[in-house]
Amino acid sequence: MVIGPVELEIARHQFAAVADEMGIVLRRTSFSPNIKERADCSAAVFVPSGEMLAQAEHIPVHLGSMPASISAIAALDVVAGRQYAVNDPYRGGTHLNDLTLVKPVFMGSDHIGWVANRAHHADVGGEAPGSMPAHATRLEQEGHVVGPTVAVIDGRWVETFIEPFLAATRTPEERRGDLAAQMGANEVGAARLSGLAAALGIDAFMSTSSALLDYGERRASAAIAALPQGVFRFTDHMEWKGDLLPIMVSLSVHGDSITADFAGTHHQVDGNINAVEAVTRSCLYYAARVATDPEMPANGGVYRRVRLVAPEGTLVNARPGAAVAAGNVETSQRIADALLGAFAEAAPDRVPAASQGTMNNVLIGNDRFAYYETLAGGQGGSPFGPGESGVHTGMTNTLNTPIESLEQHYPFRVERYRLREGSGGQGRHSGGDGIERIIRFDEAATVSLMGERRILAPWGLAGGEPGLCGADFVSRHGGSWEPLEGKVTLEVEAGDRLKVETPGGGGWGEGGDAAR
């Protein structure tokens, strides 16, 4: 069956609309501000083989790694009318907070695809509220582990899944509400996908799906072939206990395909900055789209032209059992920076300077509540213009929690929230500014911070200046500001204050600050 370009473009948007609607349902029916306000969730549609067919423009680190979740679930005895869950980073997940719910879609006896969504649950147990203790070295210290399992049968939770999950968390009612939102989002997605199949007929539906993947591959092939051929290298660093740990990548552009080899990257550590292979793969997919053709479909056909070599036992492919909470949120940012640095060697007219390079994770909680947020910073300047200020960049695509929502849900107050003027690097196209936020606590709590770019500044490109580093402080009992490490878990009391200053983006190009 021949699918024309008009039909292909219509189908592309139809499939993406399924994922978009899933995301809307998930946000509007969730309980937690982390999902409802910040949109810390993602949704996508897959063909039966597990290749991604379409995604909503949600969170890159979620979406690029989600095919691993489909592969893990596909190994089970998949039955119609069921939904399946996984958060184990070594069996299809990313870190334990991100629970993926997957539903196979059938038309009669024909398996026509999958729908899946991933949501960050603000607490899944572990040794600190928010499930990202800075001291963790083993996965079980970070919370409840869900291997690939049956979670829903005919619209009802399976007790062997739901009961241990709720027993582990400090916020079971919030978790139950967010899980219900995930279940409903998949039901809506499955209904919409089935409706498309019914309208087209199963044969035409499957042919269109296959043609869309092939179209993605052709677009990727053409975009990669337009790059200079050769090997391009870049090294960036993670900050760990005062040391700088290298993440090295060698990017080979050969014909119409790309290979990214991370040989030489630092070995995994006794800490939580280790990333699993699926996270590194998602970074590669993201960087390849940024540097080649950002308008091409984000589907599995595109990814056929991209190959990853991630040595086992390193920061980019940790061995099972190691803690990984910050690997998903922080190391992913550095992996993406290293890849974009290498792409900049190949295509300096397409790649921006480094953005803030961190998610500035703030986790606050006790036995009755758990708050999680990633804070915005500066975007790198690019060949096309200055970077934005106070935005989420790189492997995250979440939003700000409005102060009104934050203060309604949690026992603390925001005393200051503003841009860090001048924190972006100067250049022909300057980097965007980071932000400053001060929180005053109304009751005792445990705070965990996970941040990067506190030592090594976001780099500029083409002669642009680096952005300013971030910094974190605590004030106890009304005293002066005491500096904190970028990765730390500490106890605070009522009246104490926390200040987070996020990094600015690097500048692009030689020249003054005229673009500001």
Query raised in the report: Can we say Gly385 is small (Gly, Ala, Ser), over 25 Å from Thr169 (Cβ atoms) and surrounded by fewer than 19 Cβ atoms within 10 Å (Cβ to Cβ)?
Result: yes
Report summary line: Per the filter on segment 431-449, residues aliphatic (A, V, I, L, M) and either open to solvent by less than 10 Å² (accessible area, probe 1.4 Å) or in a strand (DSSP E or B) (or both) are Ile435, Ile438, Ile439, Ala445, Val447, Leu449
**Report entry** Where a residue in segment 214-233 is under 18 Å from Ala346 (Cβ atoms) and part of a strand (DSSP E or B) and its partner, wherever it lies, is open to solvent by 50 Å² or more (accessible area, probe 1.4 Å) and of a type in the set (D, E, K, R), with Cβ under 6 Å and at least six apart
**Finding:** Phe232/Glu345
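Going by the conditions given, is Gly464 crowded, with 24+ Cβ neighbours inside 10 Å, more than 26 Å from the chain's Cα centre (by Cα) and part of a loop (DSSP other than H, G, I, E, B)?
yes
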Query raised in the report: Which residue pairs have Cβ atoms under 8 Å apart, sit 6 or more places apart or on different chains, and have a first residue in segment 236-254 that is free of Cβ contacts under 8 Å to residues at least 40 places away in the same chain and a second that is surrounded by fewer than 18 Cβ atoms within 10 Å (Cβ to Cβ) and in a strand (DSSP E or B)?
Result: Pro246/Thr235; Ser252/Gly230; Ser252/Val231; Ser252/Thr259
Report summary line: Per the filter on segment 407-430, residues part of a strand (DSSP E or B), more than 19 Å from Leu461 (Cβ to Cβ) and either charged (D, E, K, R) or over 25 Å from the mean Cα position of the chain (by Cα) (or both) are Phe412, Arg413, Val414, Glu415, Arg416, Arg418
Report summary line: For segment 336-365 the number of residues that are in a loop (DSSP other than H, G, I, E, B), surrounded by 24 or more Cβ atoms within 10 Å (Cβ to Cβ) and either on the phi > 0 side of the Ramachandran plot or of a type in the set (Asp, Glu) (or both) is 2
Report summary line: When (1) closer than 28 Å to Ser207 by Cβ; (2) touching a helix residue (DSSP H, G or I) at 6+ places or on another chain (Cβ under 7 Å); (3) not in a helix (DSSP H, G or I) are applied to Val78, the one that fails is (2)
**Report entry** Residue within segment 318-326 that is in contact (Cβ under 8 Å) with a residue 60 or more places away in the chain, in contact with a His (Cβ under 8 Å, 6 or more places away or on another chain) and assigned to a loop (DSSP other than H, G, I, E, B) present
**Finding:** yes
Report summary line: Of (1) open to solvent by 50 Å² or more (accessible area, probe 1.4 Å); (2) part of a helix (DSSP H, G or I); (3) more than 21 Å from Val45 (Cβ to Cβ), Ala191 fails just (3)
Query - Residue that is modelled with pLDDT under 95 and either open to solvent by less than 10 Å² (accessible area, probe 1.4 Å) or of a type in the set (Val, Ile, Thr) (or both), where the choices are Val316, Val290, Val324 - result: Val290
Query raised in the report: For segment 93-128, which residues satisfy the criterion of being assigned to a loop (DSSP other than H, G, I, E, B) and open to solvent by less than 10 Å² (accessible area, probe 1.4 Å)?
Result: Gly93, Thr94, His95, Leu96, Asn97, His121, Ala122, Asp123, Val124, Gly125, Ala128
Report task. Determine which single condition Gly201 fails, assuming it passes every other condition in (1) open to solvent by less than 30 Å² (accessible area, probe 1.4 Å); (2) touching a residue at least 40 places away in the same chain (Cβ under 8 Å). Result -> (2)
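The values are calculated or read from the model by the stated rules, or taken from the named source; none is laboratory data. Quick caveat: nothing in here was measured; it's all calculated off a predicted structure. Backbone-built Cβ (ideal geometry, glycine too); neighbour counts: all protein chains shown. For the accessible areas, the whole protein counts, side chains as well, though only heavy atoms, and no ligand, DNA or RNA atoms are used. Shrake-Rupley method; radii C 1.70, N 1.55, O 1.52, S 1.80 Å.
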